[in-house]
Amino acid sequence: MHLLIQIVNYNTREYLLKCLESLQIDLENYNEEYRIFILDNASNDNLDDVEQKFRNTKVFYSPKNLGFGGGHNYLFKMTESKYLLILNPDLLFFEPDTIKRLFNSMAENKADVIGPKLIGFDKKPQIGDHGESIGFIAAIKNNLGASHWINRENPDFVAWISGGFMLLDSKYFKKINGFDEKFFLFKEEEDLCLRMRNEGAKIFYDSSVKCLHHSSVVAKKSDHIYKSLDYYIQKHYADKILYKILNPLRIFYNKIMRVFKIDRELI
């Protein structure tokens with residue numbers, strides 16, 4: 001099979017149906033073999049009608065919530081495909097041939113992983129659709145286990161792209177055994193991309209291709225972000241000298257941001 005499309009659902013039925021409707025339209029001119037696998041992650045949704053409504057779609061059910069990464073790992077083991085597309089259920093395709101254009105961009109730029117610019121329904125780009133890898137600020141933040149985002153207009157290679165829409169060569173996902181399931185929610189795509197880069201994968205952010213994303217309809221950032229951040233830092237950065245020097249400043253900065261309720265923390 002050429003492409004496996006995976007979606008993990010948790011009490012997001014209405015978003016999921018709209019996502020699938022827009023996805024099927026986008027795939028009308030896609031001539032390769034594909035399947036859409038959906039995991040209901042122990043939610044309260046009834047998805048019994050989904051397979052009948054949408055072609056090439058299969059719904060799986062988990063008796064317990066496996067988390068974002070665990071859910072995608074579960075689906076990936078169900079079949080073999082050359083490429084994998086990881087999607088959030090709260091994403092909408094609104095430009096024609098989005099997937100085909102990303103495949104073309106992937107080939108032109110010799111990338112192994114690619115993602116589009118994610119914009120909200122306010123038409124503004126979403127902070128967190130990618131993380132930069134080049135530049136002084138990016139270097140400092142990356143050594144703190146944090147991430148640097150800019151409103152990039154020109155497509156380029158980056159450190160990571162959002163798990164809300166991630167198209168990749170399946171061999172890299174398989175080689176690193178998929179998502180680290182110790183991340184229940186948040187930072188898992190950064191960890192995934194870092195490990196794929198360590199295996200030689202090139203990650204490309206194509207800002208010329210856009211998708212709509214509701215963002216965090218299932219869980220708020222504060223629910224899991226700090227536990228995930230602590231684990232991410234301990235896993236990748238705790239032994240770095242620069243981290244040991246600058247981390248106290250990061251902690252102080254974040255405390256100030258929380259006091260004034262400014263959403264600009266160094267996470």
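The values are calculated or read from the model by the stated rules, or taken from the named source; none is laboratory data. Keep in mind that this is a model prediction, so the values were computed, not measured. When we count neighbours, we look across all protein chains shown, and the Cβ atoms used for this are built from the backbone with ideal geometry, even at glycine.
I'm checking my understanding of the structure. Among residues of segment 179-212 that are charged (D, E, K, R) and in a loop (DSSP other than H, G, I, E, B), which one is farthest from V113 (Cα to Cα)? First the steps, then the outcome.
Residues of segment 179-212 charged (D, E, K, R): 180-182, 187-191, 195, 197, 199, 202, 206, 210.
If we keep only those that are in a loop (DSSP other than H, G, I, E, B) too, we end up with 180-182, 187, 199, 202.
Working: D180: 18, E181: 20, K182: 22, K187: 17, E199: 12, K202: 6 Å.
Going through the qualifying residues, I end up with K182.
So K171 clears everything in (1) part of a helix (DSSP H, G or I); (2) at pLDDT below 90; (3) not acidic (D, E) except one condition, right? Which one?
(2)
Any idea which residue in segment 51-71 is surrounded by the most Cβ atoms within 10 Å (Cβ to Cβ), counting only those that are farther than 18 Å from L84 by Cα and hydrophobic (A, V, I, L, M, F, W, C)?
Once the filter is applied, the top-ranked residue is L66.
Within segment 3-24, can you find the residues that are among the hydrophobic types (A, V, I, L, M, F, W, C) and more than 27 Å from D112 (Cβ to Cβ)?
We begin by selecting, within segment 3-24, every residue among the hydrophobic types (A, V, I, L, M, F, W, C); these are 3-5, 7-8, 16-17, 19-20, 23.
L16, L17, listed by residue number.
Condition first: touching a helix residue (DSSP H, G or I) at 6+ places or on another chain (Cβ under 7 Å) and of a type outside the set (D, E, K, R). Now tell me which residues in segment 23-33 satisfy that.
Initially, segment 23-33 is screened for residues touching a helix residue (DSSP H, G or I) at 6+ places or on another chain (Cβ under 7 Å), giving 26-27, 29-30.
L27, N29, Y30, listed by residue number.
Go through I119, I140, I176 for me and flag whichever is β-branched (V, I, T) and modelled with pLDDT under 85. Lay out the reasoning, then the answer.
Numbers: I119 fails: modelled with pLDDT under 85; I176 fails: modelled with pLDDT under 85.
Answer to the check: I140.
Looking at segment 72-82, which of its residues are within 25 Å of F186 (Cβ to Cβ), of a type outside the set (A, V, I, L, M) and surrounded by 14 or more Cβ atoms within 10 Å (Cβ to Cβ)?
Residues satisfying the conditions are H72, N73, Y74, F76.
Out of the residues in segment 18-46 that are surrounded by 17 or more Cβ atoms within 10 Å (Cβ to Cβ) and of a type in the set (A, V, I, L, M, F, W, C), which is farthest from the chain's Cα centre (by Cα)?
L27
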